[in-house]
Amino acid sequence: MILATCHCGRVSLEVQSEPTEVTDCNCSICRRYGVLWAYYPTQHVLIRTEGAAQDTYQWGEKKIAFHRCTHCGCVSHWAALDPARDRMGVNARLMPLELLSKVRVRHLDGAGTEQYSD
C-alpha cells in the first residue's frame, strides 16, 4: 500500500501498488501545477479527507475535475466526470520521495500532439 498525502495531511490517497511510470504533461494546467501523474483504476484508490478539505476545478470540456486541499493547496488528483471512465490520476509528487527516484518519468505533449515524446 502506497500513501500519498498533501503537505498538511488533511488529504491522503492510498493506492494498492507503486506506479511503474509517471507522466509529466506540458498542457496548460499540468505544467502550472507541476505534478507527475500516476494512473490507477478508480477502485484502486482510497481517498480520505478531513471535513471539507477538498476543492475542485474544471475547465474546457469539463471531462475531469482536479482536486486540491483547501488548507495547503496541494493538488492531490484528478477524477473523470464520466463514471464510465475507470481511470484517475494521482499526483505522484505526494508519494514518498524514495519511491519517485525509482520510477520512469514519461513526457506527454499535452499542449500539442497528445503523444509521448519518449
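Listing for the model above:
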quantity	calculated
Cβ-based exposure ranking for 36, 108, 81, in which fewest neighbours within 10 Å come first	81, 108, 36
Amide H contacts of residue 26 (H built 1.01 Å from N, under 5 Å, at least 5 apart or other chain)	108, 110, 111
Of (i) 9.6; (ii) 8.1; (iii) 7.3, the label for mean projected area of the Cα convex hull in nm² derived from the coordinates	(iii)
Most mobile of 12, 101, 76 in a GNM of the chain (Cα contacts under 10 Å)	101
Relative exposure of 109, 118, judged by other C-beta atoms within 10 Å (fewest first)	118, 109
Residue-by-residue Karplus 3J(HN,Hα) for segment 30-41, coefficients 6.51, -1.76, 1.60, Hz, glycine and proline x	5, 5, 6, 6, x, 8, 10, 8, 10, 9, 9, x
Built amide H within the under 5 Å cut-off of residue 8, gap 5+	72
Selected from 38, 53, 92 as most flexible by GNM, with the chain as the system and alpha-carbon contacts under 10 Å	53
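Read the figures in this text as sums done on the coordinates, not as results from a lab. Just so you know, these numbers come straight off a predicted model, no measurement behind them. Neighbour counts run over all protein chains shown; Cβ positions are idealised from the backbone, glycine included.
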